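Structure first, then comments.
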Amino acid sequence: MKKIKFQKPTGMHDILPEDQRYFEKIYSVCEKIVNFYGFKKIDTPVLESTDLYQKGTGMSTDIVQKQMFGLKTKGGDDLSLRPEFTPGVARAYLEHGMHSLPQPIKLYSTGPLFRYERPQAGRYRQFHQFNLEIFGDTSPAIDAQIIQIFYSILEELKIKKIAIEVNSIGDNQCRPYYKKLLVSYFRSKSSSLCTDCKRRLKENPLRVLDCKEEKCHAIISQAPQTINHLCADCHAHFKYVLEFLDEIQLPYRLNPHLVRGLDYYTKTVFEIVSESTEEEKAKGSLAGGGRYDLLIKLLGGEETPASGGALGIERVKSLLSPKEAKPSSYFNPSIFLAQLGSSAKIKSLKLLEEFRKNKIQVAESLGRDSLKAQFKIADKMKVKYTLLLGQKEVLEESIIVRDMKTGKQETIKFDKVVKEMKKKLKK
Ligand code: HAM
């Protein structure tokens, strides 16, 4: 076979027709649950100003330092493909004056994101998220509710063996002191840290806690823990979050080194991970998020509390059983329309429209002329009835209905066919 000249870009994927049902199922469960909790959908551009991510996601993050797909427009604007939703949604919240509406504002988004990562199982350069943000609410109950929503989505999708990890990383009251402690601890071990961590230590010592390198793990495990150095406000907030989680009986565990790889978080951070197999664990979290009370101010707004999280669609899809992925809108027709001759083809187009308007799914193969080939397709699709429209039927304004199980055929009036088929399918 001749070598194909073009292939998809590294780390990016085609979502083939046979895979669409998994995506549809995940989105439909997510939307059903967040509709119940009063979230409204927002779509933001796939491209935003690079500056927004540098400020929002943070200069010290791997995302901004290594993973952005940037471009310069012909007009000279510096834009980047969105690596995450949060800064874009926060920008839209401010730009459309949502801060002057009654709070909280609950928003959800879905769509593709882009990160220039080293491609591996569960880590892509183009992937999809289901993302939630709540603006204008300081309550720890909101943090717990976001965790609960993601957990419920995974439960409803029958994803087994999942665990919730939570932590608090403090705020700008208590974090500076904690950072100092971290710096002095990591400095004492700096000769054993990886090159990236040596750099991270200078830029943001919290990022060291996020390192995936084996050689840094032993050092990180002995590092000072945020929860032992929280100010009274952050301590009380975290205590409430845990009480809410206990109250709604969510199985969580404290992970004192969970800091998340984004700069905007304050107080609560969480991840939901799969523990089904070592392989799944290695892919990384299924969902993650937390509170980010300083971001809106950083982007030029008033101080506004906020909390959110996102679920990775591809990672959830890899755990979804085919049995669960049967969305209601899936094309599963009970009728096949076979035609023979040019005038029958023309009449078929009109008839198909009639069926569509009556919400009856009908398969066809208008490109084929041979009846034998069309019957073969109808057999394969396991339809209940095949309709046959030939030259003779067109002239007589009739149509043949064949019961595929019994092989019995009957001729009915063409203008009664939709009504008749409706009756037959109801039986
Ligand atoms: P994140 O942890 O970077 O958080 O991403 C959330 C989820 O997206 C991850 O748990 C994972 O399932 C999926 N994900 C991330 N990177 C990849 C990748 N390269 N390939 C496949 N899946 C991936 C955020 O993006 C935050 N904006 C979440 C948030 C919203 N925090 C507050 N509000």
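The values are calculated or read from the model by the stated rules, or taken from the named source; none is laboratory data. Quantities reported herein were computed from a predicted structural model and do not represent experimental measurements. Neighbour counts are summed over all protein chains in view; Cβ atoms, including those assigned to glycine, are modelled from backbone coordinates with ideal geometry.
Summed over region 308-324, residues that are within 8 Å of the chain's Cα centre (by Cα), under 11 Å from TYR22 (Cα atoms) and more than 6 Å from the ligand (Cβ to nearest atom) total 1.
Residue-by-condition table, conditions (1) of a type in the set (Ser, Thr, Tyr); (2) surrounded by 16 or more Cβ atoms within 10 Å (Cβ to Cβ):
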| residue | (1), (2) |
| --- | --- |
| ALA144 | no, yes |
| GLU155 | no, no |
| LYS160 | no, no |
| TYR177 | yes, no |
| PHE186 | no, yes |
| SER191 | yes, no |
| LYS212 | no, no |
| PHE244 | no, yes |
| GLN249 | no, no |
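Residues are listed down the side, and each one gets a yes or a no for (1) within 12 Å of the ligand (Cβ to nearest atom); (2) touching a strand residue (DSSP E or B) at 6+ places or on another chain (Cβ under 6 Å):
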{"site": "PRO87", "(1), (2)": "yes, no"}
{"site": "ILE105", "(1), (2)": "no, yes"}
{"site": "GLU133", "(1), (2)": "yes, yes"}
{"site": "ALA144", "(1), (2)": "no, no"}
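Output the helices (runs of 4 or more DSSP H) that fall wholly within region 173-246 and possess 2 or more residues being in contact (Cβ under 8 Å) with a residue 60 or more places away in the chain and out of contact with any His (no Cβ under 8 Å at 6 or more places or on another chain), or say none. So the answer is 195-203.
Just checking, which of ARG253, ARG187, ARG199, ARG207 is charged (D, E, K, R) and assigned by TED's automatic domain parsing to the domain that holds GLY308?
Numbers: ARG187 fails: assigned by TED's automatic domain parsing to the domain that holds GLY308; ARG199 fails: assigned by TED's automatic domain parsing to the domain that holds GLY308; ARG207 fails: assigned by TED's automatic domain parsing to the domain that holds GLY308.
Result: ARG253 is the single residue among ARG253, ARG187, ARG199, ARG207 that is charged (D, E, K, R) and assigned by TED's automatic domain parsing to the domain that holds GLY308.
In region 214-242, how many residues are loosely packed, with under 13 Cβ neighbours inside 10 Å and either closer than 22 Å to SER274 by Cα or of a type in the set (Gly, Ala, Ser) (or both)? Adding up the residues that qualify gives 6. Within region 168-178, can one find any residue that is in contact with a strand residue (DSSP E or B) (Cβ under 8 Å, 6 or more places away or on another chain) and at pLDDT 90 or above? Looking through region 168-178, at least one residue is in contact with a strand residue (DSSP E or B) (Cβ under 8 Å, 6 or more places away or on another chain) and at pLDDT 90 or above. Taking (1) of a type outside the set (Ser, Thr, Tyr); (2) closer than 27 Å to ARG315 by Cα; (3) within 15 Å of the ligand (Cβ to nearest atom); (4) in contact with a Leu (Cβ under 8 Å, 6 or more places away or on another chain) in turn, LYS55 satisfies each apart from (2).
Screening region 1-112 for strands (runs of 3 or more DSSP E) wholly inside it with 2 or more residues that are under 23 Å from the mean Cα position of the chain (by Cα) and of a type outside the set (Val, Ile, Thr) returns the ranges 47-49, 78-81.
Being of a type outside the set (Val, Ile, Thr), within 16 Å of the ligand (Cβ to nearest atom) and surrounded by fewer than 18 Cβ atoms within 10 Å (Cβ to Cβ) holds for only one residue in LYS357, LYS345, LYS267, LYS281, and it is LYS281.
The conditions of being surrounded by fewer than 17 Cβ atoms within 10 Å (Cβ to Cβ), near the ligand (Cβ under 10 Å from one of its atoms), within 26 Å of ALA90 (Cα to Cα) and among the acidic types (Asp, Glu) are met by GLU117.
Residues that are within 15 Å of the ligand (Cβ to nearest atom), outside any helix (DSSP H, G or I) and not acidic (Asp, Glu): does region 152-159 have at least one? Give the derivation first.
First, pick out the residues of region 152-159 that are within 15 Å of the ligand (Cβ to nearest atom): 153-154, 157, 159.
Cutting the leftovers down to outside any helix (DSSP H, G or I) gives us 157, 159.
Still in the running and not acidic (Asp, Glu): 157, 159.
Yes: one or more hits.
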